[in-house]
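Asks: The structure is given below, and queries will be raised subsequently.
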Amino acid sequence: MDKDIKICYAYIETEDINSISPSSMRGFFGNSFKNDMEYHHHDEGTSFVYRYPQIQYKKISEKLLIIGLQKYSQDIHIKLSKIEYIRTNQGKKVRINNIEFKTKIIQISQKNMRYSFQSPWIALNSKNFKQFFSGATLSKTKFLENILIGNILSMLKGLNIYIDFKLQASISNIQPVFIYLKKNQFIAFNANFNTNILIPEYIGIGKSVSKGFGTVGIAKDDN
């Protein structure tokens, strides 16, 4: 069974990075390519499509980044090469100075790795939010670790990849943070985690990964 993830990183340089967010990029490119729901994740522009997004919009270390997975590793290269500007939510046109494309093939394998969330991880939904804060669980860390394992497996399943070993994860340096989605406040988490699987850097896990949340990076040495 194929365990490869084809991934293209499109690093975008603009004349005004501060006026652009992952959400505004998603809005602009989703509107630019309405005929392909993977760019906006809505069915016929209305209902949200609940599946793992193969196009993800991010801001990493003050750089704009769009990721295309599997067949979209080629698609974003073709489509983005024709774009000259990004229109913000306020209607401002921001000129694109350059787009650097880096394409890789990552083979999913069993390997001890240490990662950190580069953007807040939205782990909780309405159901497990109540469980997490009710005190019904003996260990909140263990509770989040089980969610993390489920998130990684859901990501793999969404990319049609299945592993033949037991996935493990341990979380450290957990820091709750408040975020806003569609003017609603949520609790998310910054954290480091160890796991026994190699996954592509800057891929997203959890909720709202298309908008840049739950972005995973390789953790730097603590020493």
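The values are calculated or read from the model by the stated rules, or taken from the named source; none is laboratory data. Predicted model, so just to flag it, every value in this text is computed and none were measured. Don't worry about glycine lacking a Cβ; one is built from the backbone with ideal geometry, like all the others, and counts go over all protein chains shown.
Asks: Which pairs have Cβ atoms under 7 Å, sit 6 or more apart or on different chains, and link a residue in the range 11-35 that is assigned by TED's automatic domain parsing to the domain that holds Ile76 and in contact (Cβ under 8 Å) with a residue 24 or more places away in the chain to one that is assigned to a helix (DSSP H, G or I) and buried (at least 18 other Cβ atoms within 10 Å of the Cβ)?
Replies: Once the first residue is assigned by TED's automatic domain parsing to the domain that holds Ile76 and in contact (Cβ under 8 Å) with a residue 24 or more places away in the chain and sits in the range 11-35, its partners that are assigned to a helix (DSSP H, G or I) and buried (at least 18 other Cβ atoms within 10 Å of the Cβ) give Pro22/Lys211; Ser23/Lys211; Arg26/Ser210; Arg26/Lys211; Phe29/Tyr39; Phe33/Tyr39; Phe33/Lys79.
Results for (1) in the same structural domain as Ile163 (by TED's automatic domain parsing); (2) modelled with pLDDT of 80 or more; (3) in contact with a Gly (Cβ under 6 Å, 6 or more places away or on another chain); (4) not in a loop (DSSP other than H, G, I, E, B), shown as yes or no for each residue.
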| position | (1), (2), (3), (4) |
| --- | --- |
| Met113 | yes, yes, no, yes |
| Ser116 | yes, yes, yes, yes |
| Ser119 | yes, yes, yes, no |
| Leu124 | yes, yes, no, no |
| Lys130 | yes, no, no, yes |
| Ala136 | yes, no, no, no |
| Thr141 | yes, yes, no, yes |
| Glu145 | yes, yes, no, yes |
| Leu148 | yes, yes, no, yes |
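Asks: What residue, of Phe178, Phe189, is among the aromatic types (Phe, Trp, Tyr), in contact (Cβ under 8 Å) with a residue 12 or more places away in the chain and either at negative phi or out of contact with any helix residue (DSSP H, G or I) (no Cβ under 7 Å at 6 or more places or on another chain) (or both)?
Replies: Working: Phe178 fails: in contact (Cβ under 8 Å) with a residue 12 or more places away in the chain.
None of the other options fit; the residue is Phe189.
Asks: What are the residues in the range 1-22 that are surrounded by 18 or more Cβ atoms within 10 Å (Cβ to Cβ) and part of a helix (DSSP H, G or I), if any?
Replies: The answer is Pro22, and nothing else.
Asks: State all residues of the range 92-109 that are of a type in the set (A, V, I, L, M, F, W, C), part of a strand (DSSP E or B) and surrounded by 13 or more Cβ atoms within 10 Å (Cβ to Cβ); if no residue qualifies, say none. I'd like the intermediate steps shown before the answer.
Replies: Initially, the range 92-109 is screened for residues of a type in the set (A, V, I, L, M, F, W, C), giving 94, 96, 99, 101, 105-106, 108.
From the residues that got through so far, the ones that are part of a strand (DSSP E or B) too are 94, 96, 99, 101, 105-106.
Matches in the range 92-109: Val94, Ile96, Ile99, Phe101, Ile106.
Asks: Also, I was wondering about something else. State yes or no: is Ile55 in contact (Cβ under 8 Å) with a residue 24 or more places away in the chain, aliphatic (A, V, I, L, M) and either surrounded by fewer than 17 Cβ atoms within 10 Å (Cβ to Cβ) or more than 27 Å from Leu181 (Cα to Cα) (or both)?
Replies: It is false that Ile55 is in contact (Cβ under 8 Å) with a residue 24 or more places away in the chain, aliphatic (A, V, I, L, M) and either surrounded by fewer than 17 Cβ atoms within 10 Å (Cβ to Cβ) or more than 27 Å from Leu181 (Cα to Cα) (or both).
Asks: Please work out which residue is surrounded by the fewest Cβ atoms within 10 Å (Cβ to Cβ), limiting yourself to the range 23-38 and to residues that are under 26 Å from Glu62 (Cβ atoms) and over 17 Å from the mean Cα position of the chain (by Cα).
Replies: Filtering the range 23-38 for residues that are under 26 Å from Glu62 (Cβ atoms) and over 17 Å from the mean Cα position of the chain (by Cα), the one surrounded by the fewest Cβ atoms within 10 Å (Cβ to Cβ) comes out as Asn31.
Asks: Within the range 170-215, how many residues turn out to be under 26 Å from Cys8 (Cα atoms) and assigned to a strand (DSSP E or B)? Working first, answer last.
Replies: Our first condition is that a residue be under 26 Å from Cys8 (Cα atoms); within the range 170-215, this holds for 190-215.
Now restrict to residues that are assigned to a strand (DSSP E or B): 190-198, 204, 215.
Within the range 170-215, residues that are under 26 Å from Cys8 (Cα atoms) and assigned to a strand (DSSP E or B) number 11.
Asks: So, of the residues in the range 174-223 that are within 20 Å of Ser126 (Cα to Cα) and of a type in the set (D, E, K, R), which turns out to be surrounded by the most Cβ atoms within 10 Å (Cβ to Cβ)?
Replies: Lys211
Asks: Would you point out which residue out of Asn112, Asn89 is surrounded by fewer than 16 Cβ atoms within 10 Å (Cβ to Cβ), in contact (Cβ under 8 Å) with a residue 60 or more places away in the chain and more than 17 Å from Ile199 (Cβ to Cβ)?
Replies: Numbers: Asn112 fails: more than 17 Å from Ile199 (Cβ to Cβ).
Answer to the check: Asn89.
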